Amino acid sequence: MDRLNSADIDRLDTDDPLRGFRDRFVLPEGVIYLDGNSLGALPRAVPERVSRMLTDEWGRNLIGGWLKDGWMDKPLALGDRLAGLIGAGPGEVAVVDTTSINLFKLLSAALAMRPDRRVILSNPENFPTDLYMAQGLIEQLGGRHELRLVPETGIAGAIDEDTAVVMLTETNFKSGAVFDMAAVTAAAHAKGALTLWDLAHSAGAFPVDLNACGGDFAVGCSYKYLNAGPGGPAFLFVASRHQADARQPLTGWLGHADPFAFQTDFRPAEGIRRHVCSSPGVIGLVALEAALDVMLDADMHAIRRKSIALGDLFIRLVEQECPDAGFQLISPRAAHETRPWGRGSQVSFAHPDGYAIIQSLIARGVIGDFRDPDVLRFGFTPLYTRFADVWDAVQQLRAVLDADEHRDPTYAVRAAVT
Ligand SMILES: *Cc1c(COP(=O)(O)O)cnc(C)c1O
């Protein structure tokens with residue numbers, strides 16, 4: 001393959017149909033941000049929208065804001081706006097709570113819908129909070145269930161008549177590998193099992209089509225590729241065909257059929273609203289609202305095309321510029337648009353000095369992150385990452401290695417957040 005040079009890269013940026021979106025984000029000078037898969041960058045419209053909520057809505061309308069400013073409806077209204085990004089229909093998505101809590105709620109609902117089955121099937125490579133929440137729920141239910149962990153490639157074959165729920169994260173957080181959601185869901189349904197998909201590293205990263213895949217339940221967060229800010233509200237999806245049967249245990253007053261009747265006994269609301277528990281965090285919701293405006297202005301297929309191009313370029317440049325440096329690609333090399341084990345919007349390399357290399361890159365203004373034991377993770381967010389950023393990041397990586405900056409003894413100790 002021909003060596004790429006910086007003129008080739010400039011051409012890619014000039015031809016990029018999404019290049020106008022970068023101005024809609026706040027990005028500090030001198031920083032190349034390749035960690036939008038962990039915390040998306042700040043959309044310019046968010047501070048203004050949050051400030052308007054504080055001064056014009058809360059400040060002026062006080063408690064009247066719940067109706068006048070639509071605060072009470074936001075979990076479902078934003079759910080409907082977000083639905084298009086994940087292939088859900090109206091009334092199938094609510095924006096509430098956190099990913100972990102939503103997982104607990106929907107896993108519980110799914111188990112109750114398969115009372116004769118004992119097994120929650122997942123994979124050891126799943127994100128730990130998903131496994132921990134399942135373990136906590138099993139304990140809560142008296143230990144009758146089993147969390148069975150099977151490596152990613154064996155999942156479809158491990159589904160049997162005792163499987164109640166197949167609980168998977170669509171995009172692996174370390175490797176960026178993407179499950180074939182349609183195939184796994186079909187395999188689950190063939191055995192009478194339900195599926196619960198965690199879309200944390202999928203929503204906003206590439207087109208997701210829950211309904212085309214026949215998905216039953218899903219959860220995900222808004223602060224990664226959806227750019228809603230640290231701790232932004234999460235979402236949950238319940239396919240409309242399950243909504244009458246799905247009951248979740250966190251039966252707070254706002255999931256009641258008639259919350260303002262203040263009755264003694266809980267009666268679930270119809271539809272997705274029964275999965276709302278408490279008063280929504282409106283500041284976080286309006287931040288998501290403004291962030292979604294940006295996302296929904298972009299064509300998700302164009303986002304996917306650029307995401308693949310950025311990832312392909314990064315892999316090619318790392319291999320071109322640092323050929324004997326010991327990096328081992330652990331993400332799928334091919335990121336097909338139709339995804340039989342494609343790659344999400346991140347590229348990960350394993351390296352024995354991974355932590356120190358990431359710290360050295362951060363010192364040079366290139367922000368990626370590190371995941372135990374030896375994974376360097378780089379996220380590509382097509383709305384604000386340029387091809388030139390990928391080029392510059394790899395030049396900085398080359399410079400770190402040339403100067404042995406990662407041998408600095410201060411990097412021998414790990415920080416609390418990696
Ligand atoms: C980021 C992430 C979460 C985060 O859970 P919170 O409850 O929002 O902290 C959950 N699951 C997966 C797969 C993630 O990547």
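Here is how the numbers come out for the structure above:
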| read-out | value |
| --- | --- |
| Failed criterion for CYS221 (all others in (1) more than 9 Å from the ligand (Cβ to nearest atom); (2) over 13 Å from GLU92 (Cβ atoms) hold) | (1) |
| Qualifying positions in the range 377-398 - under 20 Å from ASP8 (Cβ atoms) and small (Gly, Ala, Ser) | ALA388, ALA393 |
| Output for the range 254-286, where each listed residue is part of a helix (DSSP H, G or I) and either buried (at least 18 other Cβ atoms within 10 Å of the Cβ) or touching a residue at least 12 places away in the same chain (Cβ under 8 Å) (or both) | LEU254, GLY255, GLY271, ILE272, ARG273, ARG274, HIS275, VAL282, ILE283, GLY284, LEU285, VAL286 |
| Qualifying strands (runs of 3 or more DSSP E) (wholly inside the range 336-406; at least 1 residues being acidic (Asp, Glu)) | 369-371 |
| Given (1) in contact with a Gly (Cβ under 7 Å, 6 or more places away or on another chain); (2) surrounded by fewer than 17 Cβ atoms within 10 Å (Cβ to Cβ); (3) charged (D, E, K, R), number of the condition ASP293 does not satisfy | (1) |
| Selected residue (criterion: farthest from the chain's Cα centre (by Cα)) from residues of the range 191-209 that are within 12 Å of the ligand (Cβ to nearest atom) and outside any loop (DSSP other than H, G, I, E, B) | LEU196 |
| Index of the failed condition, PHE237 passing every other in (1) within 30 Å of PHE370 (Cβ to Cβ); (2) away from the ligand (no atom under 11 Å from the Cβ); (3) touching a helix residue (DSSP H, G or I) at 6+ places or on another chain (Cβ under 8 Å) | (1) |
| Residue within the range 132-142 that is crowded, with 21+ Cβ neighbours inside 10 Å and closer than 30 Å to ILE308 by Cβ present | no |
| Set HIS275, HIS242: member being within 16 Å of the ligand (Cβ to nearest atom) and closer than 15 Å to ALA109 by Cβ | HIS275 |
| Per-region count, the range 27-64, residues surrounded by 12 or more Cβ atoms within 10 Å (Cβ to Cβ) and outside any helix (DSSP H, G or I) | 15 |
| Test: residue in the range 324-331 that is of a type in the set (A, V, I, L, M, F, W, C), buried (at least 17 other Cβ atoms within 10 Å of the Cβ) and closer than 14 Å to ALA177 by Cα | yes |
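Matching residues to (1) over 21 Å from the mean Cα position of the chain (by Cα); (2) within 20 Å of VAL276 (Cβ to Cβ); (3) not assigned by TED's automatic domain parsing to the domain that holds PHE370:
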| residue | (1), (2), (3) |
| --- | --- |
| GLY36 | no, no, yes |
| LEU42 | no, no, yes |
| MET53 | yes, yes, yes |
| GLY59 | yes, no, yes |
| TRP66 | yes, yes, yes |
| ASP69 | yes, yes, yes |
| MET72 | yes, yes, yes |
| GLY79 | no, yes, yes |
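The values are calculated or read from the model by the stated rules, or taken from the named source; none is laboratory data. Bear in mind that the values here come from a model prediction, so they are computed numbers and not experimental data. Backbone-built Cβ (ideal geometry, glycine too); neighbour counts: all protein chains shown.
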